[in-house]
1. With r defined as the distance between the Cβ atoms of Tyr11 and Cys117 and R0 fixed at 30 Å, what FRET efficiency is calculated, to the nearest 0.05?
2. Could you pull the Cα extents of the range 83-128 along its three principal axes, largest to smallest, in whole Å?
3. Give me the log10 of I(q) over I(0) for the range 133-191 at q = 0.17, 0.21, 0.31 Å⁻¹, as the Debye formula computes it from C-alpha points; what are the numbers?
4. Please give the charge dipole size of the chain, origin at the Cα centre, charges +1 on K and R Cβ atoms and -1 on D and E Cβ atoms. Round to the nearest 20 debye.
5. Please state the equivalent ellipsoid semi-axes for the range 45-190: what are the square roots of 5 times the Cα gyration tensor eigenvalues, largest first, in whole Å?
6. Given Leu52, Leu70, Ile108, which one lies farthest toward the positive end of the charge dipole of the range 52-142, if we put +1 on the Cβ of every Lys and Arg and -1 on the Cβ of every Asp and Glu?
7. Do you know the relative contact order of the chain, to the nearest whole percent, from alpha carbon pairs under 8 angstrom that are 6+ apart?
8. Would you grab the residues whose amide H sits under 5 Å from the one on Ile30? Only those 5+ places off in sequence or on another chain, please, with H modelled 1.01 Å from N.
Amino acid sequence: MLKIKDLTIQYGDKKPTVKNFNLSVKKGEIVGIVGESGSGKTTVIKSIMGALSYNSKILSGSIILDNEELLSDKGEILKKNRGKNITMIFQDCRNTLNPIRKIGSQYIEYIQYHSNCSKEEARKKAELMLKKMKLPDPENIMRSYPHQLSGGMCQRIGIAMAMTFNPKILLADEPTSALDVTTQAQIVQELINLRDTYKTSIIIVTHNLGVASYMSDNIIVMKDGDIVEKGEPEQILNFPNSDYTKLLLDSVPGLEERHAL
């Protein structure tokens, strides 16, 4: 469904941040991209979303969704898909919400921007999505400002907004790193449930190999813009080929045992 071929991305005049990156994602598949800060993993998913910074440039490669090249036609195909077929969850959704506008105002505007519906229809759809994300009292949440809600609630709102139009691809950029351990586990399970319910493909970027191995069908390990290893979680955990992957495994105590459970 999604294919990335030989993608190379550069910021300014620096050496490429991503080099000859290749990825193929099937419908309903979860792919984890793992690596430390600066490995290029977030740059990859930003390129899929068309959210790279102004000083970046794609030197080569292609991004194909359902046989359509997202990098062609001056971005028109990407614009058509972004927000509906391709959506994104950020590391801290509270920071992506406007702090001086109520959740309902922002959510309704988002729905109306991407669909032809009335304000009341958008409100009902927003409240239904919040309910699906197991958020208590959606009507009250719609009347709330971001600062009045917990980090976990804001993260669920971000996921609800991203899933509003049942996207084909959901991009998740460190979606649990700003949360406490209990809320992290809940968010990870919600993402898995979304895949199981809607067959949405998910690409999750994380530095946490434990999270990636728990929820992913396949894992890609990146270092300095290169893919150093890829495979199924069992293979990555039990038979890593790269010394870098072995270092990542050593940095997560008891990872193998937890995954086995």
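1. Calculated value: 0.15.
2. Largest first, the range 83-128 extends 30, 27, 18 Å along its Cα principal axes.
3. -0.58, -0.88, -1.41
4. 980
5. For the range 45-190, the semi-axes come out at 27, 19, 13 Å.
6. Ile108
7. RCO, the chain: 26 percent.
8. Result for Ile30 returns Ile202, Asp217, Asn218.
Values quoted throughout were computed directly from the atomic coordinates according to the rules given, and no laboratory measurement underlies them. Computed from a prediction, not measured in an experiment: that's the story for all the values here. Every residue, glycine among them, receives a Cβ derived from its backbone with ideal geometry; neighbour counts consider all protein chains shown.
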